[in-house]
Amino acid sequence: MAIRFRDRKAAGECLAQHLYPYQNQANLIVLGLPRGGIPVAYEIARTLQANLDVCLVRKLGVPSHPELAMGAIALDGIRILNHTLIETLGISSQEVETVTTQAQQELTRQNQCYRQGRPYPDLSDQTIVLVDDGLATGSSMQAALAFLRKQQPRAIIVAVPIAATAPSSLIEQEVDQVICLYQSDHLMAISHWYDDFSALTDTQVQSQLAQGNFKIMTNGTPPI
């Protein structure tokens with residue numbers, strides 16, 4: 001294996017080194033995809049002295065194999081479907097709608113849980129660094145991008161530690177820049193590229209988001 005990360009924190013630290021040109025840039029915000037993208041994004045935001053927030057998306061798992069994405073949803077009713085996969089596996093439209101309804105319920109719950117009543121940040125004319133802990137099928141990232149483009153940002157940079165080659169190439173055509181430490185034609189599961197790929201809790205995500213207001217820091221120290 002060409003590269004392996006100790007954990008998501010280490011992956012974020014590695015990615016941040018490739019994002020130094022954006023450090024202390026005005027109108028910059030780092031958005032993580034929940035849950036696994038948040039600790040990666042946290043390290044990037046800390047290094048760049050940018051604010052951290054969450055871009056809510058939810059994978060649509062194949063009914064017989066939930067870890068395999070047949071699509072994804074985001075806020076504002078956005079849904080991305082892999083029609084080729086759905087047809088190949090013979091997944092019915094009713095099954096797709098059932099999975100979508102369940103995913104929408106969880107997306108709503110996460111929005112309430114993670115945002116804690118905070119309004120969504122104004123992303124117009126902002127440079128966005130969009131982060132996840134890996135890019136496998138690309139469905140979640142595509143749903144996130146569909147949502148973000150509606151916010152009319154200045155630029156979108158996608159940053160991931162590891163990515164499958166094909167979806168990464170597609171994403172490159174949709175954004176201003178993709179920063180990826182390693183691509184593979186045979187990615188398999190994202191977890192295979194981490195020593196520690198423990199599932200995150202809502203409490204852990206809330207904690208990192210609450211601590212992610214790095215732009216207001218002075219000389220690296222939060223104001224009293």
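Points worth noting:
- Among the residues examined, LEU209 does not qualify as surrounded by 13 or more Cβ atoms within 10 Å (Cβ to Cβ) and assigned to a loop (DSSP other than H, G, I, E, B).
Okay, residues lined up against (1) at pLDDT 95 or above; (2) surrounded by 18 or more Cβ atoms within 10 Å (Cβ to Cβ); (3) closer than 18 Å to ALA164 by Cα:
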{"site": "ILE3", "(1), (2), (3)": "no, no, yes"}
{"site": "LYS9", "(1), (2), (3)": "yes, no, no"}
{"site": "TYR20", "(1), (2), (3)": "no, no, no"}
{"site": "GLN25", "(1), (2), (3)": "no, no, no"}
{"site": "LEU33", "(1), (2), (3)": "yes, yes, yes"}
{"site": "ILE44", "(1), (2), (3)": "yes, yes, no"}
{"site": "VAL54", "(1), (2), (3)": "yes, yes, no"}
{"site": "VAL57", "(1), (2), (3)": "yes, yes, no"}
{"site": "ALA69", "(1), (2), (3)": "no, yes, yes"}
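- GLY134 being in contact with a Ser or Thr (Cβ under 9 Å, 6 or more places away or on another chain) and of a type in the set (Gly, Ala, Ser): yes
- Within segment 1-115, helices (runs of 4 or more DSSP H) holding 1 or more residues that are farther than 22 Å from GLN177 by Cα and either under 14 Å from the mean Cα position of the chain (by Cα) or free of Cβ contacts under 8 Å to residues at least 24 places away in the same chain (or both): 83-89, 93-115
Residue-wise test of (1) buried (at least 17 other Cβ atoms within 10 Å of the Cβ); (2) in contact with a Phe, Trp or Tyr (Cβ under 9 Å, 6 or more places away or on another chain); (3) part of a loop (DSSP other than H, G, I, E, B).
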{"site": "ILE157", "(1), (2), (3)": "yes, yes, no"}
{"site": "VAL160", "(1), (2), (3)": "yes, no, no"}
{"site": "ILE171", "(1), (2), (3)": "yes, no, no"}
{"site": "GLN183", "(1), (2), (3)": "yes, no, no"}
{"site": "SER191", "(1), (2), (3)": "no, yes, no"}
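- Applying a threshold of 9 Å to beta carbon distances and a minimum spacing of six or more residues, or different chains, the list of pairs starting in segment 199-224 at a residue that is under 20 Å from VAL40 (Cβ atoms) and of a type in the set (Gly, Ala, Ser) and ending at one that is modelled with pLDDT under 90 and assigned to a loop (DSSP other than H, G, I, E, B) reads ALA210/GLN116.
- Members of segment 117-144 that are of a type in the set (A, V, I, L, M) and over 24 Å from ARG46 (Cβ atoms): ALA136, ALA143
- Qualifying residue in segment 140-147 (condition: surrounded by 13 or more Cβ atoms within 10 Å (Cβ to Cβ), part of a strand (DSSP E or B) and in contact with a helix residue (DSSP H, G or I) (Cβ under 7 Å, 6 or more places away or on another chain)): no
The values are calculated or read from the model by the stated rules, or taken from the named source; none is laboratory data. Keep in mind it's a predicted model, so treat the numbers as computed, not measured. Here Cβ is always computed from backbone atoms with ideal geometry, including for glycine, and neighbour counts include all displayed protein chains.
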